[in-house]
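One structure is given below, encoded as structure tokens.
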Amino acid sequence: MSEISLPSLGSLPSRLLRLYGGLALYGTGIGLQVESALGNDPWDVFHQGLAVRTGLSIGTWIILVGALVMLLWIPLRQKPGIGTISNIIFLGLFADAAIYLLPSPGHWTVAWAYLLSAIVAVALATLLYIGAGMGPGPRDGVMTGLIRLGLSVRLARFLIEISVVAIGWLLGGTVGVGTLLFAVAIGPITQVFTRWFPLPGQH
């Protein structure tokens, strides 16, 4: 099966297009999953829990938590890029816009359509965003830093995500079948998309 031809990653405009297109799609995915009410992805369980407790929007907490998480980069010796700063600023704005614009599903079939669309959107958005090569997101950078300290990818991700899910659930964030389905499906779906949207250096 032939790959879809993407603009050269050496071109700054095409890289910016992938970056901001990916962030917009990611924010839309967050909005779809939140509106489905079937369970958020781990970090958004945490963001929603904070939103429930404070009255601030989920997108506002995505921005605030992203900025605070980046402070952890200092002892982990991680360096931010344009993509990192853009993630902090724009992902929350796109998520809030999606949550505001999307109608609440009136039937369980629509809720499931939202959830499944959210997982697909986030998988594709991840490839677009990472493929821009302009720096990891703040949360990804913490995982990368823990890996550099000697933890395995699986253990680093597990420790981070189980912590944010537990705290978010205690704060009032929505945990459900969507949370589990996201955790199980996001990796394989992302891998499938690499056949058409390969990352730099991938053959």
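The values are calculated or read from the model by the stated rules, or taken from the named source; none is laboratory data. All of these numbers come straight from a predicted model, not from anything done at the bench. No Cβ is skipped: glycine too gets one built from the backbone with ideal geometry, and neighbour counts run over all protein chains shown. Please note that ligands, DNA and RNA were not included when accessible areas were found on the heavy atoms of the full protein model with its side chains. Shrake-Rupley method; radii C 1.70, N 1.55, O 1.52, S 1.80 Å.
Some points to look at:
- Scanning the chain for trypsin sites (Lys or Arg not before Pro) lying in DSSP loops with no more than 16 further Cβ atoms inside 10 Å, the longest uninterrupted stretch between such sites is 78-194.
- In summary, the convex hull built on the alpha carbon positions of the range 56-165 has an orientation-averaged projected area of 7.9 nm².
- Mean-square fluctuations from a GNM of the chain, with a 10 angstrom spring cutoff on Cα atoms, peak among Leu72, Leu127, Leu38 at Leu72.
- Asp140, Asp96, Asp44, reordered so the largest accessible area comes first (probe 1.4 Å): Asp140, Asp96, Asp44
- When Rg and Dmax are taken over the Cα atoms of the range 1-124, they come to 16.0, 49 Å.
- Only Lys, Arg (+1) and Asp, Glu (-1) charged, at Cβ; the range 68-200 dipole about Cα centre in debye: 400 debye
- Within the accessible area of the chain (1.4 Å probe), percent carbon and sulfur: 71 percent
- Whole-number percent relative contact order across the chain, with pairs defined as alpha carbons under 8 Å at least 6 apart: 39 percent
- Projecting the Cα positions of Pro80, Pro42, Leu64 onto the charge dipole of the chain (unit charges on Cβ atoms of Lys, Arg, Asp and Glu, taken about the Cα centre) puts Pro80 furthest along the positive direction.
- Spin-label proximity, Leu149 to the range 64-95 - amide N less than 16 Å from point 7 Å beyond Cα toward beta carbon: 69-79
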